[in-house]
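Undergrad: Provided herewith is a single structure, encoded as structure tokens, for subsequent inquiry.
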Amino acid sequence: MNRLFLRFFVLVMLAMSLATGVIYFTFNRLFGDPIEEIAARQASGQIFLLEQYIDQAPSDEWLTRLNKVREVSALKLELLPLATALDALPRAKREALQRGALVLDVAGKAFYRRVDLAGARYIDSEREVLHAQGLPIDIGLALRMEAIRFLIIAGFLLLPIGLWSRAHWRGLQALSQAAEDFGQGRLSARAALAPSASLYPLAARMNQMAGRIEALLEARKHLLRAVSHELRTPIARIEFGLELLRTAAANPALDERIVAMEGDVRELEALVSELLTLTQLEHAAARPGPPFSVDEVLRASVAARQAGLRGTTLEADIGAGLGLLAGERRLFARALDNVLGNAVKYARGRVALRAHRLDAERVEVLIEDDGPGIPAAERLRILEPFYRLERDRDHAAGGFGLGLSIAHKALLIHQTSLDIGDSSLGGARVRLCIACRAA
């Protein structure tokens with residue numbers, strides 16, 4: 001039983017229970033208590049005996065016939081003073097008894113009725129009440145019959161609802177799976193529903209939307225690739241021309257200008273390489289490979305950074321045996337190097353890296369610096385391509401605003417989350433949570 005059917009089941013049962021209660025109270029108001037009507041039908045034989053045998057006797061034989069019924073019937077018939085009978089009845093039924101009506105006591109399996117209203121049957125008969133006990137009243141049976149009727153109706157209602165909700169549930173599952181696959185980067189994922197399915201129009205529009213998104217992303221990817229590859233040709237020509245100029249020129253001023261142009265060319269080459277990497281990561285998934293040691297990758301990245309530091313200290317506290325991670329070691333190392341390089345670039349003089357295992361499934365890596373930090377409102381945006389903070393230091397530090405974006409996408413491929421916060425050193429803190437198994 002799926003959740004959708006369970007909710008329908010509960011809703012229908014509540015609605016039917018509420019309707020039953022409303023029907024009971026409405027009928028009680030308009031036509032009298034339905035339970036008393038059931039009890040009256042069950043006791044109809046004894047009531048008929050009273051009305052058609054005892055009451056039809058002449059006035060002087062009424063008591064005689066009553067005594068005869070006492071002898072042959074299992075009923076317990078007794079005469080009570082009117083005041084005693086009134087005290088035994090609830091307020092709502094006293095007026096009916098005083099009018100001479102027959103009043104049922106369903107719980108006590110009995111009924112009350114005045115002997116008469118004029119005292120014609122014997123002396124002071126108007127002040128006495130006939131009390132019959134032991135009536136064959138079984139409200140439990142009637143209630144069980146009503147419950148069975150209720151369940152049969154509920155079953156016939158729930159059967160089509162169950163079939164209907166099952167079909168809808170399958171359709172929703174297909175839509176949910178397609179949305180999940182699409183969100184994980186499988187852009188060709190579509191919801192496969194039969195044209196007769198009630199959710200087919202929604203699935204068709206969802207598939208149409210997914211197709212347009214896939215087409216747009218593919219066009220964007222091809223454009224980036226084309227632009228990146230096309231840029232390489234003029235860059236190569238410029239490099240060749242600069243080399244010719246260098247060999248032919250003897251002017252120191254021209255040599256200085258050539259050196260500056262070569263720097264610009266190298267910057268263009270770096271940009272093209274970053275664009276190609278970013279494009280490849282847009283729809284990439286970690287290729288299966290031999291598991292690699294997380295702590296070894298961390299130590300290698302720290303060692304590479306420490307070798308080129310000038311005026312900045314890099315402290316590392318990396319635990320042993322952090323675990324093994326499946327994927328591409330080169331891509332994961334590139335992501336770590338980008339994050340660590342970003343901290344070194346903006347630190348005033350100190351960077352700290354700490355790595356330890358949180359539990360059997362996760363490793364935490366904290367990279368902190370004592371730089372200017374990152375405003376809370378900008379912490380998600382700096383993970384976007386080409387986004388840089390509006391600060392003089394950020395522009396002076398150079399770069400294209402692609403490093404953290406590439407690192408973020410590469411880490412997501414390796415089931416690693418990246419969060420940015422405030423560092424205890426005064427700058428930014430980057431927290432990586434790596435899902436990897438223990439070694």
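The values are calculated or read from the model by the stated rules, or taken from the named source; none is laboratory data. Computed from a prediction, not measured in an experiment: that's the story for all the values here. Positions of Cβ are generated from backbone atoms using ideal geometry, with glycine treated the same way; all protein chains shown enter the neighbour counts. Note: areas computed on protein heavy atoms with side chains; ligands, DNA, RNA excluded. Shrake-Rupley method; radii C 1.70, N 1.55, O 1.52, S 1.80 Å.
Undergrad: I'd like to check one number: the per residue accessible area of region 3-82, probe 1.4 Å, reported in Å² as a whole number. Could the numbers behind the result be given before it?
TA: On the way: 5400 Å² over 80 residues.
Here the per-residue accessible area is 68 Å².
Undergrad: So for region 1-137, taking the charge dipole from beta-carbon charges (+1 Lys/Arg, -1 Asp/Glu), which of Val115, His131, Leu66 sits furthest toward the positive end?
TA: His131
Undergrad: What list of ³J(HN,Hα) couplings, whole Hz, do you get for region 362-379 from phi and the Karplus terms 6.51, -1.76, 1.60, once you set θ to phi - 60° and write x for glycine and proline?
TA: Once θ is set to phi - 60°, the couplings for region 362-379 become 9, 10, 10, 10, 10, 10, 10, 9, 9, x, x, x, 10, x, 4, 6, 9, 5 Hz.
Undergrad: Measuring from centroid to centroid over Cα atoms, what is the spacing of region 100-133 and region 160-191 in Å?
TA: One Cα centre to the other: 71 Å.
Undergrad: Pairs of alpha-carbon atoms within less than 8 angstrom and 6+ residues apart define the contacts here; what relative contact order does region 133-199 have, in percent? Walk me through the numbers before you get to the answer.
TA: Values: 21 pairs, mean separation 17.0, N = 67.
It rounds to 25 percent for region 133-199.
Undergrad: Decide, for region 301-341, between rounded, prolate and oblate: order the square roots of the alpha carbon gyration tensor eigenvalues as a ≥ b ≥ c, take rounded if a/c falls under 1.5, and otherwise choose prolate if a/b is larger than b/c, else oblate. Numbers along the way, then the final one.
TA: On the way: a/c = 3.19, a/b = 1.55, b/c = 2.06.
Here region 301-341 falls in the oblate category.
Undergrad: Residues with amide H under 5 Å of Glu315's amide H, sequence separation 5 or more or different chain, H placed in the peptide plane at 1.01 Å from N; which?
TA: Val351, Ala352, Leu353
Undergrad: In whole Hz, with x marking every Gly and Pro, tabulate ³J(HN,Hα) for region 66-77 from phi via Karplus 6.51 cos²θ - 1.76 cosθ + 1.60, θ = phi - 60°.
TA: Working through the residues one at a time gives 4, 5, 4, 5, 4, 6, 9, 9, 7, 5, 9, 10 Hz.
Undergrad: Classify region 31-93: rounded, prolate or oblate, from the alpha-carbon gyration tensor (a ≥ b ≥ c, eigenvalue square roots; a/c under 1.5 rounded; otherwise prolate if a/b is larger than b/c)?
TA: Working: a/c = 2.10, a/b = 1.37, b/c = 1.53.
Since a/c reaches 1.5 but b/c is at least a/b, the shape of region 31-93 is classed as oblate.
Undergrad: Let me ask something else. I need the shape label for region 1-132. Rule: rounded when a/c is under 1.5, else prolate if a/b > b/c, else oblate, with a, b, c from the alpha carbon gyration tensor. Could you put the intermediate results ahead of the total?
TA: Working: a/c = 3.72, a/b = 2.60, b/c = 1.43.
Verdict is prolate for region 1-132.
Undergrad: Now, a different point. In whole Å, what is the distance between the alpha-carbon centres of region 318-339 and region 201-216?
TA: Between the Cα centres of region 318-339 and region 201-216 lies a distance of 37 Å.
Undergrad: Which peptide among 171-177, 321-327 comes first, and what is the full order, when sorted by highest mean count of other Cβ atoms within 10 Å?
TA: Numbers: 171-177: 15.3, 321-327: 18.4.
Averaged packing, sorted descending, gives the order 321-327, 171-177.
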